[in-house]
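The values are calculated or read from the model by the stated rules, or taken from the named source; none is laboratory data. Being a predicted model, the structure only gives us computed values, none of them experimental. Backbone-built Cβ (ideal geometry, glycine too); neighbour counts: all protein chains shown.
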Amino acid sequence: MESSSVVVKDLYAKYAVSESWVLKSVNLAVGKGSMLVLMGPSGCGKSTLLYAIAGLLPWVVPGEIKGEIVVEGVDVTRSGYRSLAGVVGIVYQNPEMQVVTRSVYEELAMAPENLGLPKEEVLKRVEWVVDVLDLGRYLDRDPQSLSGGEKQLIAIASVLTMKPRVLLLDEPTSMLDHKGTRLVLETVEQLKREHGLTIIAAEHRVEWAVEVADTVAVMSDGSIVMEGSPEEVFGQVEDVERYGVRPPGAAEVAYELRKWGFEVRVPVRLKVAYEVFKL
């Protein structure tokens, strides 16, 4: 698909220590500038899929893949992660894996420096991300003195200095408290809304995900078993329950009302829930 930023076709993947395939016949197409949220229980293959799209598996993480992955026109299955420098950025669930320098400024400058960019371009990119995410108050701080949410924000910012066209987020809020989660999620919403990045996120905080996702893909046992808009996915009550995906709170209320014989729409976004339940 020409309008797709990321295309995955019949993908199988496993780690060197795996006896069987972790991913099984995964097919996916993510439109340019859109946001896909991967959902499913732990161990279903969400992180593995992100690692494969980023070219980390099997090029950095030992393993095996077969099938096809094309990201922004780059055949990842043939050329690996080096071909994606400046194209794809990945943010892990633990910011300690990415935040390694002694000052926030150094952290932001490190990625473009590693790309071999001229000093003037490095400075320009740091200034750009500081302006976009309002990070001026952090520049002289030691990243280790920051809160979990602030560290994750800096991890995202350091990836953005590479000016990626595709941003991968692997459970970016799983280790954060409520305040840190809101800080990170507001940042992701801003990037989607104002900067047109293609975003693929593995995320378990479903209420936030359905508010910002264009598409939700539910994974089970290494395969994508449901895919569509948040309304389409969570409107399939039996399948949602079968695959053990926790629906948004508003949808759960509608599910219960249906069990009691009330014919109501299944809302997933809060604005719609207010209308459906006449709040």
inquiry  = Quick check on the stretch 207-220: of everything there that is closer than 17 Å to L50 by Cβ and in contact with an Asp or Glu (Cβ under 6 Å, 6 or more places away or on another chain), which residue is surrounded by the most Cβ atoms within 10 Å (Cβ to Cβ)?
reply    = A217
query = Restricting attention to the stretch 95-108, does a residue exist that is acidic (D, E), touching a helix residue (DSSP H, G or I) at 6+ places or on another chain (Cβ under 6 Å) and farther than 20 Å from T187 by Cα?
reply = no
request  = Would you mind stating whether A16 is over 20 Å from the mean Cα position of the chain (by Cα) and either hydrophobic (A, V, I, L, M, F, W, C) or surrounded by 23 or more Cβ atoms within 10 Å (Cβ to Cβ) (or both)?
outcome  = yes
inquiry  = Is it the case, given these coordinates, that L28 is at pLDDT 95 or above, more than 18 Å from G228 (Cα to Cα) and within 19 Å of the chain's Cα centre (by Cα)?
reply    = no
query = Quick one: in the stretch 46-61, which of the residues that are assigned to a helix (DSSP H, G or I) and either touching a Pro at 6+ places or on another chain (Cβ under 9 Å) or of a type outside the set (A, V, I, L, M) (or both) is nearest to G73 (Cα to Cα)?
reply = A52
remark   = Of the conditions (1) under 28 Å from V30 (Cβ atoms); (2) among the charged types (D, E, K, R); (3) out of contact with any helix residue (DSSP H, G or I) (no Cβ under 6 Å at 6 or more places or on another chain), the single one that E150 does not satisfy is (1)
inquiry  = Considering only the stretch 72-85, I want to know if a residue exists there that is in contact with a Pro (Cβ under 9 Å, 6 or more places away or on another chain), closer than 27 Å to G196 by Cβ and among the aromatic types (F, W, Y).
reply    = no
ask   = Hey, among Y92, Y105, which residue is closer than 30 Å to G136 by Cβ and at pLDDT 95 or above?
value = Y105
request  = Within the stretch 238-258, identify whether any single residue is assigned to a helix (DSSP H, G or I), aromatic (F, W, Y) and surrounded by fewer than 21 Cβ atoms within 10 Å (Cβ to Cβ), and answer yes or no.
outcome  = yes
query = Taking the stated definitions as given, is L160 surrounded by 13 or more Cβ atoms within 10 Å (Cβ to Cβ), touching a residue at least 40 places away in the same chain (Cβ under 8 Å) and within 18 Å of the chain's Cα centre (by Cα)?
reply = yes
remark   = Picking from L185, L167, the residue that is buried (at least 18 other Cβ atoms within 10 Å of the Cβ), touching a residue at least 40 places away in the same chain (Cβ under 8 Å), outside any loop (DSSP other than H, G, I, E, B) and touching a Ser or Thr at 6+ places or on another chain (Cβ under 8 Å) would be L167
task = Return the pairs, sorted by first residue and then second, in which the second residue is part of a strand (DSSP E or B) and of a type in the set (D, E), the first residue lies in the stretch 76-104 and is in contact (Cβ under 8 Å) with a residue 60 or more places away in the chain and under 20 Å from S174 (Cβ atoms), the beta carbons are less than 9 Å apart, and the residues are 6+ apart or on different chains.
result = I90/D170; V91/D170; Y92/D170; Q93/D170
Out of H178, H204, H195, sole residue that is under 21 Å from L49 (Cβ atoms) and surrounded by fewer than 20 Cβ atoms within 10 Å (Cβ to Cβ) = H204
inquiry  = Give me the helices (runs of 4 or more DSSP H) completely within the stretch 64-155, filtered to those with at least 2 residues that are at positive phi, more than 22 Å from the chain's Cα centre (by Cα) and exposed (fewer than 14 other Cβ atoms within 10 Å of the Cβ), ordered by residue number.
reply    = none
query = Counting only residues that are charged (D, E, K, R) and in a strand (DSSP E or B), how many does the stretch 1-45 have?
reply = 4
